[in-house]
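Undergrad: Before I ask anything, let me first share the structure, which is written out below as structure tokens.
The values are calculated or read from the model by the stated rules, or taken from the named source; none is laboratory data. Keep in mind it's a predicted model, so treat the numbers as computed, not measured. Because the Cβ atoms are built from the backbone with ideal geometry, glycine has one as well, and the counts that use them run over all protein chains shown. We work out accessible area using only protein heavy atoms, side chains counted, and drop any ligands, DNA or RNA first. Shrake-Rupley method; radii C 1.70, N 1.55, O 1.52, S 1.80 Å.
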Amino acid sequence: MRILYLDEEFPYPPNSGKRIRSLALVSRLARQVEIDYLAFGQAGSEAAQGVAALGINPLVVDASIPQKSGFELYRRLL
């Protein structure tokens, strides 16, 4: 079986209650099934590598923030 887990961030390092819960859930589940973890972040970051070390496939969505000034702002608003 294969599971796609959607979250706003990777749960690594486990330094908050949400991250601890998410990491415990997926790490136990990863022992039995293949998990793809889709979250915002940077490819090759410590968080993505930490999740990959647990046998979970990290799928990174680029979290770049567009500029909020200049011509590009007005073009996007149009």
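Undergrad: If we keep just the residues of segment 34-68 that are of a type in the set (Val, Ile, Thr) and open to solvent by less than 50 Å² (accessible area, probe 1.4 Å), which is nearest to PRO11 (Cα to Cα)?
TA: Here is the first cut: in segment 34-68, the residues of a type in the set (Val, Ile, Thr) are 35, 51, 56, 60-61, 65.
Restricting the remaining residues to those that are open to solvent by less than 50 Å² (accessible area, probe 1.4 Å) gives 35, 51, 56.
Values: ILE35: 14, VAL51: 8, ILE56: 12 Å.
Out of the qualifying residues, it is VAL51.
Undergrad: So which residues in segment 21-33 are loosely packed, with under 12 Cβ neighbours inside 10 Å and either β-branched (Val, Ile, Thr) or at pLDDT below 90 (or both), if there are any at all?
TA: Quick first cut of segment 21-33, residues loosely packed, with under 12 Cβ neighbours inside 10 Å only: 28, 31-33.
Answer for segment 21-33, where residues must be loosely packed, with under 12 Cβ neighbours inside 10 Å and either β-branched (Val, Ile, Thr) or at pLDDT below 90 (or both): just VAL33.
Undergrad: Restricting segment 1-20 to residues that are open to solvent by 50 Å² or more (accessible area, probe 1.4 Å) and part of a helix (DSSP H, G or I), which is nearest to GLY50 (Cα to Cα)?
TA: Ranking the candidates gives ILE20 first.
Undergrad: Evaluate the following for TYR37: is it in contact (Cβ under 8 Å) with a residue 12 or more places away in the chain and part of a strand (DSSP E or B)?
TA: yes
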